[in-house]
Protein chains: 2
Amino acid sequence: MKFVAEALGLSPVAARRLEEKNILKQAFIRHPFFSDVIDAFKLDRKFGEYEEGTLIAKTVDGVQIVRGYPKIRRALTLYPTIKKHFRGEVVFEEKMNGYNVRIVMFGENLYAITRGGYICPYTTEKARMLINPDFFKDHPNLMLCCEAVGEESPFVPKDVYGIKEIDFYVFDVRDRRTNEALPIREKEKLADEYGFKLAPILAEVHVSEAHEVAKDVIRELGRKGREGIVIKDPNMKRQPIKYTTSESNCSDLSFAFRFFGEYGKDFMFSRIIREGFQAFELDDEEEFKRRCTRLGEAILKAMVESIREVREGKKVCDRMRLRFYDLEVFELFKEHVRRMGVNAEFSEPIEENRSYVVWFYRHMKSTTDRIRHILEGNLWQ
Amino acid sequence: MKFVAEALGLSPVAARRLEEKNILKQAFIRHPFFSDVIDAFKLDRKFGEYEEGTLIAKTVDGVQIVRGYPKIRRALTLYPTIKKHFRGEVVFEEKMNGYNVRIVMFGENLYAITRGGYICPYTTEKARMLINPDFFKDHPNLMLCCEAVGEESPFVPKDVYGIKEIDFYVFDVRDRRTNEALPIREKEKLADEYGFKLAPILAEVHVSEAHEVAKDVIRELGRKGREGIVIKDPNMKRQPIKYTTSESNCSDLSFAFRFFGEYGKDFMFSRIIREGFQAFELDDEEEFKRRCTRLGEAILKAMVESIREVREGKKVCDRMRLRFYDLEVFELFKEHVRRMGVNAEFSEPIEENRSYVVWFYRHMKSTTDRIRHILEGNLWQ
C-alpha cells in the first residue's frame, strides 16, 4: 500500500482511506502466471488527474502507473457536432464491439488490463500469444489500447467479425504514464512494424463534409451489425467522439431487456434516446419504419425469451464460450470472476486442439426471480 | 392547523412537523367559490391508515376527513394472477382513461378532489353542473369516486370516448370516512336512482375462466384505444386489480418520450415491462409483430416530433383545451396550477355558447433544453 501512496503523491493515511472507501482495490491475483507483479491496485473511480481504471503496480521493474482509458464522449447528432468539435481533417475509425484492454509489459511478460483496471488472466494469456513483445522492448513507456473481440470473449462475445476465438485490434497507442496518444500516422507505422491489427480506419474527411460521409459510413456499418465509429483528430490533440449504429443500440437494448432485472434503467433510456436523435437526423420514411420495428423487436423478443425460459423452469443466464491454453489460467480466471462479484458457473473444460473449451454461465438472478414472481400470479410492486 | 391535528389524533407539534416536512399541504384556495370550506389540508404521503391524497377539511358542517383513493395494484399476467387473488365471480369494469376525482358535498355545494387531495376549481365547477346533489343529501357519508374523462381535461385529455367537454364516470361509491366501498350491485342501484354514469361493467365471470375472457376483453378495448380493466370482487371485499391494454401502455410511452426530459425512467421502464409480459401471454406471431411496431413507433415518433419542434425554434409543450363557465373559476384554476408547481401558460378566454374556451400550455422546459443542447452540437452528458 505504501508504494501506491508514494506513486499517487498521497500520505499513507490518505491512501488507506481510499482503500477503505473501496476506491482503491487490489487489481490482480498473486500467482506465478503474474510473476512480474509484486502487488497491484486499481482506482475504481476518477481520482485527481487519474482516470477510473488506473493501475498502480509494484513490479520487478519498479512501481508503474498505467493510466485508465479515458471516457470517450458521445455525439447524438452528427451535425453540427463534428463541425463544432474538430477543425480541418477528421478520421473515422471503426469502434469495434468487444472489451477495452490495455496491454503493457512488466519484466519479461505482457499483461492485459481490462477497462476497470484489473489484470485479467484470460486476456493476458491471449495477449501473450498474439501480441509481439518486441514492441514493448523498443517502447517501454507505451501501452497498446485494444479492443478484444471475437466469439470467445468472457465479457462481450460477438460473431460479427468472423473471429472464432479472440483477437486484439489496436485503436490507440498511448504513453502509459501520461496517457498521451500518438498521432494516427505513427500508430499505423508502429502497427505495421510490429504486426498489430488495427481497428479499421474507414475514412479521412474534412469536417465540413464529415457529417454527410458519416451518415453513409454509419448506415453501412449498421447493415453489417457493427457498433459504430470513433471520430478522431489525426494528431490526437482533440478528444475523440463516438457515435453508434442503430443495430448496435438495439443489440444493447436486447441484452438489457433480456436481463431487465440486472440492467439499469439509465442504460436502457440512453440507448432509446440515441435512436430518437438518429431517426431525426438519418431516416427517410422507410428507414424510420424499419427502425421502429427493430427497436420494438429488440426489446420485446429479448424479454419474451427470458419469460419463456423461466416458465420452462430454467434460470435466465448469459452464456459464453471460452478457451484456455493452460488450465492454471482457467483456475485463475475463476478466482478473478469471483472477485469481480459475478454470479458465475463454469462447465468442465473440454480438450480441443491443445486447448480447453469452457462454458461460462452468468446467472441473472434478479431477472429470473422477478419473472418467476410474476408467473406465480403475484402483482407488480 | 389545530383541527387537522385533532382529526388525525396528533399533537399540534406533530401536525406542525408534518407540515414542515411538506407531508401536509394546504389543499384549496380561499375564495367564495369554495365558500363551505373554512380551511383544508391534504396528505402528500400515506400516513398511518390514511392514504396519500386524504383531505382534512374544516367546513361549515364541521371537520371532515375524505380518505384518499387507494392505490390499485397491477397484474402483469392474467393467468394465474386473477385466479390467485379472487374467489368465485369477478367483475371486469372498464378502467377509463382520465383523472381520478372524489366528489363530496360540504354545506350546500359539491367539491371535487383530485387524486393528490387538492380541491380542484375546474373539476368542481363541472361536478356542480353534472352531478345530482340529492345523492349527498340522502347519503352524506358517501363519496363518488369518478373518472373525469373527455377532451377538455386539464390533466388527461382523451378523445376516444367521444366526449367533447368533460364528464364523470363513477367507478366506486365509498364511505368517505372509512373508505369502505359499496358492493357493485348497490353502486349500480344508486347510479340508476340518481342518474350517474358508471364506468362500464364489461363482464362478470367465474375466476376459473376469467383469464380467458379477459384476453378477449383486453384485445377489444385495445382496438378501441381504451385503457384497460379493473378486476373486482362483486362485494368489494377483496382489493381490485388493474390490467391495461397495449395501446394504453404505448400511449403512455408516447407521452413519456415526447417529454423525455420531464418523465421518469421508472415510468417508461414499467410500461415497457408490461408489454413484454403481455406479449408473452397474449400474442400469436402476427400480433407480436404488430406490437413490436406499435412500441417502436410510440417511442420514436414522439421523440422525433419533439426534436423537430425544437429545431423549428419552438418550445416543447403539452397543450390542452379547457372550458370555463365562470371566469372567476378560470382565475382560481390559474392560481391552483401555479400552486401545484406547473410551468403553465394560458391563452385569452374565447367566449363560446355561454362558456369560455381557454388553451392551457404546459411548457416542458427540461425536454426543450436538452434537445436544444444536442442540436447545437453539444455532447450527451
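Some notes on this structure:
- Lone qualifier among B:TYR50, B:TYR69, B:TYR79 - being touching a residue at least 12 places away in the same chain (Cβ under 8 Å) and within 11 Å of chain A (Cβ to nearest Cβ): B:TYR79
- Every listed requirement among (1) within 14 Å of chain A (Cβ to nearest Cβ); (2) buried (at least 24 other Cβ atoms within 10 Å of the Cβ) is met by B:THR245 save one, (1).
- Qualifying strands (runs of 3 or more DSSP E) (wholly inside region B:265-362; at least 3 residues being in contact with a helix residue (DSSP H, G or I) (Cβ under 9 Å, 6 or more places away or on another chain) and crowded, with 21+ Cβ neighbours inside 10 Å): B:317-324
- Among the numbered conditions (1) in a strand (DSSP E or B); (2) open to solvent by 70 Å² or more (accessible area, probe 1.4 Å), the only one that B:ALA203 does not meet is (2).
- Some residue of region A:352-372 being outside the structural domain of A:GLU151 (by TED's automatic domain parsing), closer than 30 Å to A:GLY276 by Cα, charged (D, E, K, R) and in contact (Cβ under 8 Å) with a residue 12 or more places away in the chain: yes
- Residue within region B:332-344 that is at pLDDT 95 or above and polar (S, T, N, Q) present: no
- Members of region B:27-49 that are crowded, with 18+ Cβ neighbours inside 10 Å and within 20 Å of B:ILE72 (Cβ to Cβ): B:LYS42, B:LEU43, B:ASP44
- Candidate set: region B:73-102, residues that are more than 30 Å from B:PHE135 (Cα to Cα) and charged (D, E, K, R); chosen: the one least open to solvent (accessible area, probe 1.4 Å): B:ARG74
- Only one entry in B:LYS187, B:LYS158, B:LYS197, B:LYS215 is buried (at least 22 other Cβ atoms within 10 Å of the Cβ) and farther than 18 Å from B:ILE113 by Cβ, namely B:LYS187.
Listed here are the residues, each with its yes/no results for (1) on the phi > 0 side of the Ramachandran plot; (2) part of a helix (DSSP H, G or I).
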site: B:GLU212; (1), (2): no, yes
site: B:ASP216; (1), (2): no, yes
site: B:GLY222; (1), (2): no, yes
site: B:ARG226; (1), (2): no, no
site: B:ILE229; (1), (2): no, no
site: B:MET236; (1), (2): yes, no
site: B:GLU247; (1), (2): no, yes
site: B:LEU253; (1), (2): no, yes
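- Residue count for region B:71-105, restricted to those that are of a type in the set (Gly, Ala, Ser) and either over 27 Å from A:MET303 (Cα atoms) or over 19 Å from the mean Cα position of the chain (by Cα) (or both): 2
- Qualifying residue in region B:133-144 (condition: out of contact with any strand residue (DSSP E or B) (no Cβ under 7 Å at 6 or more places or on another chain), open to solvent by less than 10 Å² (accessible area, probe 1.4 Å) and not in a strand (DSSP E or B)): yes
- Odd one out for A:PHE260 among (1) facing another protein chain (nearest Cβ under 8 Å); (2) part of a helix (DSSP H, G or I): (2)
- Failed item in (1) within 30 Å of B:LYS265 (Cα to Cα); (2) in contact with a helix residue (DSSP H, G or I) (Cβ under 8 Å, 6 or more places away or on another chain), with A:VAL230 passing the rest: (2)
- Applying a threshold of 6 Å to beta carbon distances and a minimum spacing of six or more residues, or different chains, the list of pairs starting in region A:283-295 at a residue that is at the interface with chain B (Cβ under 8 Å from one of its Cβ atoms) and ending at one that is in a loop (DSSP other than H, G, I, E, B) and buried (at least 21 other Cβ atoms within 10 Å of the Cβ) is empty.
- Residue match in region B:103-122 (condition: away from chain A (no Cβ under 14 Å), open to solvent by less than 10 Å² (accessible area, probe 1.4 Å), under 21 Å from B:PRO183 (Cβ atoms) and part of a strand (DSSP E or B)): yes
The values are calculated or read from the model by the stated rules, or taken from the named source; none is laboratory data. For clarity, every value in this text was computed on a predicted model and none was experimentally measured. As a convention, Cβ positions derive from the backbone with ideal geometry for all residues, glycine included, and neighbour counts pool all protein chains shown. Please note that ligands, DNA and RNA were not included when accessible areas were found on the heavy atoms of the full protein model with its side chains. Shrake-Rupley method; radii C 1.70, N 1.55, O 1.52, S 1.80 Å.
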